[in-house]
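Inspection log for the structure reproduced underneath, given as C-alpha cells.
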Amino acid sequence: MSIQWFPGHMNAARKKAAESMEKVDLVIEVLDARLPQASSNPMIEELRRARQRPCLKILNKSDLADPAATKAWLAYFGAQPQVSAVALSCRKPAEVAKLPALCLKLAPHRGTALKPLRMMIMGIPNVGKSTLMNALLKKRVARVGDEPAVTKTQQRLQLGNNIVLIDTPGLMWPKIAHPSDGLMLAASHAIGVNAIIEEEVAHFLADQLLLHYPQLLAKRYGSKVEALDGPGMIETIARARGYRLKGGDLDLEKAAHTLLQDYRSGVLGRVSLETPESRVALLASFVVAPTEALPEEAE
Ligand code: G4P
C-alpha cells in the first residue's frame, strides 16, 4: 500500500521552518504516544539539530497509550542530548500547566521580560498541537494551519510575560519511510484513508492487536481470538456485531471501520503500536535503506 503524503510546496515549507527555527530558543515537538517514532517528522529533528535547538518531546494522548510502552519511550527520548520528554494528555489542563517550567529548564538562558523564551510547537497533523496551544494559552486560538500553502505564515502568542509561542504552518514530509509507519499513522488518523484502504489498515491494526493485546480484542468483541489473523479478526467482529450486507454477506467494511474507531477513541483499551524495541526490529528488517530524503523540487 502506498499512502500519498502531502505533495507539493515541501521545499518552501521546509525553508520557512528553517527560518523559524533560527528565531526560536526551543522546539516543542508533539508526538502521538501510541506511535512516537512513526509520528515524528525526521525533518524537525534535522532542522533543530542543525540549529542546535533543544527540544521538549511531548508524548501526547498518553491516556490512550500503553503505560509500559510510554515509559520505555520516555527513557529512550530522555537519553538524547538536548531533549526532554514528557507524556501527558493535552486534554488535561493540569498536565499542560506543568510544561512552561519544563521548557524554561531546557533553555535556562532565556525566560525574562527582556529575553523571553521563544518556543515553537511542531508536529504532524492530528497529534494534538491545537489542543496543546489552546491549553497553554487557556483560550481557543485558530492555528496558522497544517497546509504549507496557507497564506498566513506565522503568529506570535504571548504566554505570560516571559514566554512567546510562535505558531507556524505544519511541516510535512512527502514520503513515509516505512510502509508500517504509514499504516500506523492511518490507523491513528494522522493521515486520511479512503474506504478501500481502510480495510487494509484495519487488517494491519488487527494483526498488531492480536500479537500484543489479544485480551483487549477478546474482551471488546466477546469471542475467542486465538489463531485468528487480521482479516479473520475483522470477520469475527462483523459476525459478533451482526454486520450484514443486503444479500446476507458479512459487512467487512463496517467491521473494519468499527475496529479503527474503537482503537482511535480508546474504548478498546490503552494500546501502543510501537516500542523502542519494535522500532529497532523494524529498522533491522530493512535491507535497503529507506528513502527519508526529500526529492529535489524546483521552486
Ligand atoms: P493537531 O492540531 O495536531 O492537528 O491536532 P488537534 O489538536 O486538532 O487534535 C486532534 C484530535 O486529537 C482532536 O480530536 C483532539 O481532541 C484529540 N486530542 C488531542 N490531545 C489529546 C489527548 O491528549 N488525548 C486524547 N484522547 N485526544 C486528544 P477530534 O476528535 O478531532 O476533535 P475533538 O472533537 O475531540 O476536539
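All of the numbers you see were taken from the coordinates with simple rules; none came from a lab. Treat the numbers as computed from the prediction; the structure is a model and nothing was measured. Every residue, glycine among them, receives a Cβ derived from its backbone with ideal geometry; neighbour counts consider all protein chains shown.
Nearest 20 debye, what's the magnitude of the dipole of the range 197-285 about its Cα centre given +1 on Lys and Arg Cβ and -1 on Asp and Glu Cβ?
With only Lys, Arg, Asp and Glu charged at Cβ, the dipole is about 460 debye.
In terms of the Cα gyration tensor, with a ≥ b ≥ c the square roots of its eigenvalues, is the range 10-167 rounded because a/c is under 1.5, prolate because a/b exceeds b/c, or oblate?
Rounded is the answer for the range 10-167, as its axis ratio a/c remains below 1.5.
May I ask which of K98/K175; K16/K105; K115/K175 have a Cα-Cα span longer than 29 Å here?
Over 29 Å Cα-Cα: K98/K175; K115/K175.
Mind checking the log10 I(q)/I(0) for the chain at q = 0.14 Å⁻¹? Debye, one equal scatterer per Cα, no solvent, two decimals.
-1.07
By the scheme Lys and Arg +1, Asp and Glu -1, what is the net charge of all other residues having a beta-carbon under 14 Å from that of E277?
Neighbour charge sum, excluding E277 itself: 0.
Nearest 0.05, what FRET efficiency do R49 and A113 give at R0 = 30 Å with Cβ-Cβ as r?
My answer for the efficiency is 0.50.
If you take every residue apart from A65 with its C-beta less than 11 Å away from the C-beta of A65, what net charge results, scoring Lys and Arg +1 and Asp and Glu -1?
Around A65, the charge tally is 0.
Could you work out the helix-only [θ] at 222 nm for the chain, with each DSSP H run of four or more residues adding -39,500 (n - 2.57) and the total divided by the number of residues, to the nearest 500 deg cm²/dmol?
After summing the helix terms and dividing by the residues of the chain, the value is -12500 deg cm²/dmol.
Nearest-5 percent of antiparallel DSSP beta bridges in the chain?
25 percent
Restricting to the range 1-113, compute how many DSSP beta bridges are antiparallel as a %, nearest 5.
Given both bridge residues lie in the range 1-113, the antiparallel proportion sits at roughly 0 percent.
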